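Report on one structure; see the data block that follows.
No value in this document is a laboratory result; all are computed from the given coordinates. In this text the structure is predicted, and so the values were computed from the model without any measurement. Every residue, glycine among them, receives a Cβ derived from its backbone with ideal geometry; neighbour counts consider all protein chains shown.
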Amino acid sequence: MSVILRTAGLLVLSNVFMTFAWYAHLKNLSERPWYVAALLSWGVALFEYLLQVPANRIGYTAYTLPQLKILQEVITLVVFVPFAYFYMRQPVRLDYLWAGLCILGAVYFVFRGHTG
């Protein structure tokens, strides 16, 4: 399997955990004290790091640090938008499309000319 597929796959899984750690408590634990949410979020975030660290180590063998960061940001939005819509019941707005196009521009600029 290619470096980009392994890296992206691990980053997608990592971002699922990250998104739940960062935002699910707003829906599920809103009646609990903030420190309960923080402790549970830390527990979920552990799994994020167990996937994110190897993803970045694998990716760094073929890609630059800025390329890895832009890739991670794109994946974050790919995971976040369905999470916001399906799990948090937030409406999808046309502004998300425009923001996504801006990020695609960032992907183009950071990866252009890369042959790895």
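Observations
- Size of charge dipole - the chain - debye, nearest 20, with Cβ of Lys, Arg +1 and Asp, Glu -1, no other charges: 80 debye
- Working note: Karplus 6.51/-1.76/1.60 with θ = phi - 60° gives region 53-68 the couplings 4, x, 4, 5, 5, 5, x, 5, 6, 10, 10, 7, 4, x, 5, 4 Hz, where Gly and Pro are set to x.
- Sparse packing (at most 15 other Cβ atoms within 10 Å of the Cβ) combined with a DSSP loop state is found for the following GluC sites (Glu not before Pro) in region 3-89: Glu31.
- Residues whose amide H falls under 5 Å from that of Leu29, counting only those 5 or more places apart or on a different chain, are absent, with hydrogens built in the peptide plane.
- Additional length obtainable on full extension of the chain from Tyr96 to Leu65, 0.36 nm per residue less Cα span: 8.6 nm
- 222 nm mean residue ellipticity, helices alone, for the chain (DSSP H n ≥ 4; -39,500 (n - 2.57); rounded to 500): -24000 deg cm²/dmol
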